[in-house]
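> Below you will find the structure I want to go over with you.
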Amino acid sequence: MNNILGIFKNSINTPEVRKKLIFTALIFIVFRIFAHIPVSGVDLVALKTLFSQNQFLGLLDVFSGGTLANFSIMALGLNPYINASIILQLLTMVFPKLEELSKEGEAGRQKINQYTRMLTVPLALVQGVGMYALLKSQNIISFLPPINLISFLLTMVAGTMLMVWFGELISEKGVGNGISLLIFAGIVGRIPVIFAQTAATTTATNILNIIVFLVMGLLVIASIVIINEATRQITVYYAKRVRGNKMYGGQSTHLPLRVNQAGVIPIIFAVSLVLLPSLIANYLTASSNPSLRSVATTISLWFNPEGIFYNALYFFLVVGFTYFYTAVIFNPKKISEEIQKYGGFIPGIRPGSPTASYLNYILTRITLAGAIFLGIIAIFPTIAKLFSNVQTLILGGTGILIVVSVVLETIKAIEAQLVMRNYEGYNK
């Protein structure tokens, strides 16, 4: 804690870092202003009722930075951009040209970012059409003539691209990852509203339950910090090499394997699948066909967010996607080839295929701990309700994971800025 306060104090006292912090705060203010400019023709009261009954829309609201519940001009938020980023990341593993582009340093990353922005536009259009169909089926928005529908969709796409621009401005001229910070700002911005709702329904009998709930939340935050920072250090030695009159190598280093390599992505994948049946059920309930309404009732019973089947399926999907995404972003074979290329080896392990097998063995074991942890975090709201019986103070595990991860990432970014400034001053 003292270290964090010291970093904050030093950042305020350093002019360059202070300017970056002020710029980031100004973007936050502009973002929140746009987040409260509503789209015309939407029944906000009925919309909030729909959101309270659908966790899938609640998750989308998290990644829109809290703009979807108000149905502002930024209602789609960063969801299309996040989906585009995931698609590009997966395509990088499939197409060798994209993989080569990702290794070309800053120029390659800028090109991939450009492709991501281009892919965001059609994804935003598709999600805009889907959102209009959902709202129309629930009588939240009236039928729009073609010209008004086009205007509606263009507003949704423009709002998304504006948020992407805000995020890139923060990344370029502010502190930390702009996209992550905007999501963080949206989650944190809703906390006062949640606490106000809880305070309005609080009685003397459930104060103890709220205390239990808050203690559980603190324990979850502490565990997220521990798991996010946890790594398995693999010792790598580099053989001595003589080039001319100089000797290179002969030193050891460590290859850090993170327990949670995949971050929050597996939860996003899993919740998109497990909540899709509930979204389909919402469409079917408005049908005039009794058979379809009966199917919708059955789906709703099986995929009740507080039911055993739903939570068990959610947990195992998160575990499965954690292994899948870890395999996508971490390739033991390529790592072993890089180690061998520079004359490195792991003590007791032969270079090449044995090294790749050893890394895969270690990664499989530590990923199990990270996958189980993410699974528990995903179903944490249900666990919290069982132990605390607090219904209004909804503490989503995904939201906490995002907030804590972004805070840790931003603190490291600020610390890196301070170290760089001090190093430059020392050189002068």
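> What is the extension gain from ILE376 to ASN289, computed as 0.36 nm multiplied by their sequence separation minus the C-alpha to C-alpha distance, in nm to one decimal? All intermediate terms of the calculation are to be shown ahead of the outcome.
Details: separation 87, 0.36 × 87 = 31.32 nm, distance 3.88 nm.
Gain on stretching ILE376 to ASN289: 27.4 nm.
> At what distance in angstrom do the alpha carbon centres of segment 303-368 and segment 144-162 lie from each other?
42 Å
> Filter LYS97/LYS341; LYS173/LYS385; LYS111/LYS333 down to the pairs with a C-alpha to C-alpha distance above 32 Å, please. Don't jump to the answer; show the numbers that get you there.
Working: LYS97/LYS341 22 Å; LYS173/LYS385 41 Å; LYS111/LYS333 26 Å.
Result: LYS173/LYS385 exceed 32 Å.
> Sticking with this one: Taking R0 as 35 Å, what FRET efficiency do you get between LEU273 and ASN148 from their Cβ-Cβ distance, rounded to the nearest 0.05?
E(calc), rounded to 0.05, equals 0.55.
> Still on this structure, I have one more. Give, in nm to one decimal, the length gained when the segment between LEU368 and SER353 is fully stretched (0.36 nm per residue of separation minus the Cα-Cα distance).
3.1 nm
> Need one number: nm distance between label points at LEU214 and ILE22, each 7 Å from Cα along Cα→Cβ, rounded to one decimal.
Placing both labels 7 Å along Cα→Cβ, they lie 3.5 nm apart.
> Compute the FRET efficiency between PHE8 and TYR361 as 1/(1 + (r/R0)^6), taking r as their Cβ-Cβ distance and R0 = 41 Å, and round to the nearest 0.05.
The value I calculate is 0.50.
> Note down the accessible area of TRP165, probe 1.4 Å, to the nearest 10 Å².
Approximately 130 Å² of TRP165 is accessible to the 1.4 Å probe.
> Using a 1.4 Å probe on the protein heavy atoms only, what accessible surface does TYR238 show? Give it in Å² to the nearest 10.
60 Å²
> Something else now. Per residue, how much space in cubic angstrom lies within the convex hull of the C-alpha atoms of segment 4-48?
Working: hull volume 3.7 nm³, N = 45.
So the per-residue hull volume is 82 Å³.
> Tell me whether segment 260-353 comes out rounded, prolate or oblate; compute the Cα gyration tensor, take square roots of the eigenvalues as a ≥ b ≥ c, and use a/c under 1.5 as the rounded threshold.
Numbers: a/c = 5.51, a/b = 3.88, b/c = 1.42.
Verdict is prolate for segment 260-353.
> Spelling out what I want: for every residue of segment 334-347, take phi, set θ = phi - 60°, compute 6.51 cos²θ - 1.76 cosθ + 1.60 (Karplus), and round to whole Hz; glycine and proline get x.
Taking θ as phi minus 60°, the curve returns 5, 5, 5, 5, 5, 4, 5, 4, 9, x, x, 7, 8, x Hz for segment 334-347.
> Between ARG232 and PHE95, 0.36 nm times their residue separation minus their Cα-Cα distance comes to what?
Details: separation 137, 0.36 × 137 = 49.32 nm, distance 3.06 nm.
Computed gain between ARG232 and PHE95 is 46.3 nm.
> One quarter of the convex hull surface, Cα atoms only: what value does that give for segment 72-152 in nm²?
One quarter of the hull surface, i.e. the mean projection, equals 6.6 nm².
> Could you tally the net charge around ASN113, taking each other residue with its Cβ under 12 Å from the Cβ of ASN113, Lys/Arg +1 and Asp/Glu -1?
Charge balance in the 12 Å sphere: 0.
The values are calculated or read from the model by the stated rules, or taken from the named source; none is laboratory data. Fair warning: this is a prediction, and the values are worked out from it, not measured in the lab. Positions of Cβ are generated from backbone atoms using ideal geometry, with glycine treated the same way; all protein chains shown enter the neighbour counts. Protein only, heavy atoms only, side chains kept; ligands, DNA and RNA dropped before computing areas. Shrake-Rupley method; radii C 1.70, N 1.55, O 1.52, S 1.80 Å.
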